[in-house]
């Protein structure tokens, strides 16, 4: 099959990693793949470095030109972002290929789902990365195929681990790790409050927060200073090798208010770490009933109690982490994800 994936995001987050993993897997399966992506962006550069053909676009107008000029060469046009799907929907009468959209979010502002229906309905196949992400289009009566995102094991680099340990003064500390942008939906303020509670009975605890700055960065840093947590909460910035940070952790924590799936949680599970996360969206699908500990979103006190239990019961916590690792290795593996997309694409060719 000939498949063109579309993703115009400027940065590198979970959706971009999933786009590259899918393209890589499809190519390994013998398919002709290409990518239309933001020119000069990390996704375009990484794909090109792996020999994947890339159409560099400056934005939506450039993507529209690519689609109108090149789309007839492809059997499938796969939008990996809502912006790309909007463009496919608008150009639908001019496109001959089958249209696929992968939905990666589980939060909609009031009335947003109704507004999105017109473009979702124009996809020949609507995919969601979790049951949580599938809920909104299903509520509108649209058929949805759930194909979870995937992760692959990444060994830690001993030099990278040592570098993080020295840079952030982690010797003798009980390290919590989170990997999340400093954005409101990730709710870093709740995690900061969690650490403030934890340090009362666990004075050696330290949270290493890996993630790029976002709209909540200023408030997060201000709250750490206000609570006097500088020795207990360290902002590590974006880390290209999160595996190095995970190798230092006793517990992985996620305080997100909304999470369609949570690939960082999947990474932590695959590393065998016990995970404490908010009881939202995909977290529940990965961790329930006995593969992790859940707490209500925004409830720092409960999150702190769950983390304290994991710290105080390391053997039971590790057993919990091992159950999660086994599930993720089986159900969220890249070959499994790619096989599901191949089956979906073939079904579209037969219709």
* Asked: Is it true that residue 265 is surrounded by 24 or more Cβ atoms within 10 Å (Cβ to Cβ), part of a helix (DSSP H, G or I) and in contact with a strand residue (DSSP E or B) (Cβ under 8 Å, 6 or more places away or on another chain)?
  -> yes
Scanning segment 191-215 residue by residue, those surrounded by fewer than 21 Cβ atoms within 10 Å (Cβ to Cβ), under 24 Å from residue 305 (Cβ atoms) and either in contact (Cβ under 8 Å) with a residue 24 or more places away in the chain or within 19 Å of the chain's Cα centre (by Cα) (or both) turn out to be 196, 197, 199, 201, 202, 204
Taking segment 145-166 and keeping residues within 23 Å of residue 286 (Cα to Cα) and buried (at least 18 other Cβ atoms within 10 Å of the Cβ) leaves 147, 148, 149, 150, 151
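A quick yes/no check of all residues on (1) part of a helix (DSSP H, G or I); (2) at pLDDT below 95:
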position	(1), (2)
222	yes, no
240	no, yes
244	yes, no
259	no, yes
273	no, no
Of the listed residues (109, 60), the one being closer than 26 Å to residue 283 by Cβ and at pLDDT below 95 is 109
Considering only helices (runs of 4 or more DSSP H) wholly within segment 84-175, the ones with at least 1 residues that are under 30 Å from residue 68 (Cβ atoms) and out of contact with any helix residue (DSSP H, G or I) (no Cβ under 8 Å at 6 or more places or on another chain) are 112-120
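The values are calculated or read from the model by the stated rules, or taken from the named source; none is laboratory data. All of these numbers come straight from a predicted model, not from anything done at the bench. Please note: Cβ atoms are built from the backbone with ideal geometry, for glycine as well, and neighbour counts cover all protein chains shown.
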